[in-house]
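Remarks on the structure that follows.
The values are calculated or read from the model by the stated rules, or taken from the named source; none is laboratory data. Everything quoted here is computed from the prediction, not taken from an experiment. In this analysis, Cβ positions are derived from the backbone assuming ideal geometry, glycine residues included, and neighbour counts consider all displayed protein chains.
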């Protein structure tokens with residue numbers, strides 16, 4: 001319940017921030033580079049995206065940091081051999097609108113996607129991370145199990 005309230009506060013804060021601030025666009029070279037790498041190959045890979053906005057609350061940042069830690073710890077070999085890619089991406093950057101449409105998202109979201117070449121063959125939004133953030137074991141188990149399903 002508290003995490004849901006924090007999620008709503010993050011969304012309202014972001015809406016307020018964007019209504020009051022002039023936006024600056026900059027290229028997220030990491031995201032662009034990774035997307036180009038995916039499109040240049042015909043092999044199947046899994047991408048763990050963490051989509052976020054420029055303005056983020058502490059909970060959004062904690063989800064990203066904890067998800068990255070889980071992925072780097074539990075999937076070091078898959079990251080090293082290229083079967084899995086970790087890709088945080090700011091939806092306010094160029095290309096963000098396309099990701100919003102493709103994955104039907106508008107707020108900070110962890111998405112696991114299976115890619116074949118430059119085609120997204122399937123994906124899942126891991127929405128339970130908001131509820132599980134306070135329990136590191138369940139948070140880690142949830143992300144790990146979902147990524148394993150996509151790597152099979």
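For this structure, a couple of remarks:
- Condition broken by residue 93, with the remaining ones in (1) touching a strand residue (DSSP E or B) at 6+ places or on another chain (Cβ under 6 Å); (2) not in a helix (DSSP H, G or I) satisfied: (1)
- Test: residue in the stretch 10-25 that is touching a helix residue (DSSP H, G or I) at 6+ places or on another chain (Cβ under 7 Å), within 26 Å of residue 128 (Cβ to Cβ) and modelled with pLDDT under 90: yes
- Taking first residues from the stretch 107-123 that are in contact (Cβ under 8 Å) with a residue 60 or more places away in the chain and on the phi > 0 side of the Ramachandran plot and partners that are surrounded by fewer than 21 Cβ atoms within 10 Å (Cβ to Cβ) and assigned to a strand (DSSP E or B), the Cβ contacts under 9 Å between residues at least 6 apart in sequence or on separate chains come to 117/44.
- Against the list (1) surrounded by fewer than 13 Cβ atoms within 10 Å (Cβ to Cβ); (2) closer than 22 Å to residue 59 by Cα, the condition residue 139 fails is (1).
- Leading residue by the ranking (surrounded by the most Cβ atoms within 10 Å (Cβ to Cβ)) among those in the stretch 51-89 that are in a loop (DSSP other than H, G, I, E, B) and touching a helix residue (DSSP H, G or I) at 6+ places or on another chain (Cβ under 9 Å): 53
- Test: residue in the stretch 96-109 that is modelled with pLDDT of 95 or more, out of contact with any strand residue (DSSP E or B) (no Cβ under 8 Å at 6 or more places or on another chain) and either part of a helix (DSSP H, G or I) or surrounded by fewer than 14 Cβ atoms within 10 Å (Cβ to Cβ) (or both): no
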